[in-house]
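First comes the structure, then the notes that go with it.
The values are calculated or read from the model by the stated rules, or taken from the named source; none is laboratory data. This one's a predicted model, so the numbers in the text were calculated from it and none came from an experiment. For neighbour counting, all protein chains shown are included, and Cβ atoms are generated from backbone atoms with ideal geometry for every residue, glycine included.
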Amino acid sequence: AWCADRLTGEDGSSKRQICGRVRNRKDFVARRDVLVQWWCGEQGHESSVKCRQMQFGKRVESTMSGVERKALALEFKASQPPDADSAIEEEQREMMRALCSSVHGKDDL
């Protein structure tokens, strides 16, 4: 694998940075998938602003076209209520409190 190659010198530094970003992205996507399944599915918040935001992230992640991503972003922003940012922030705090007090709060990710 490219990221498992011996990394030396300036080229190695660039590869380490790229590989670190790839690992971090994979971790982020895995955490988001757990949250979508648990919070939006099992906990019944599928129509909430935070769940819509996470579902939007999943859609963008699976879209290769920059034009299509831009269209998705415009559509998403237009569908958001005026207080979406504060509602997302509040729901995220609520979601994390609930997650940390659940069995999933003990899982490694």
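Selection of the stretch 20-53 for residues being in contact with a Phe, Trp or Tyr (Cβ under 8 Å, 6 or more places away or on another chain) and hydrophobic (A, V, I, L, M, F, W, C) yields only CYS51. In the stretch 45-68, the residues that are more than 16 Å from ARG25 (Cα to Cα) reach residues that are surrounded by fewer than 14 Cβ atoms within 10 Å (Cβ to Cβ) and not aromatic (Phe, Trp, Tyr) with C-beta atoms within less than 8 angstrom, at least six apart or across chains, in these pairs: VAL49/PRO81; ARG52/SER79. Of all residues in the stretch 71-109, how many are of a type in the set (A, V, I, L, M) and in contact (Cβ under 8 Å) with a residue 24 or more places away in the chain? Of the residues in the stretch 71-109, 7 are of a type in the set (A, V, I, L, M) and in contact (Cβ under 8 Å) with a residue 24 or more places away in the chain.
The set of residues in the stretch 1-42 that are polar (S, T, N, Q) and at pLDDT below 85 comprises THR8, SER13, SER14, GLN17.
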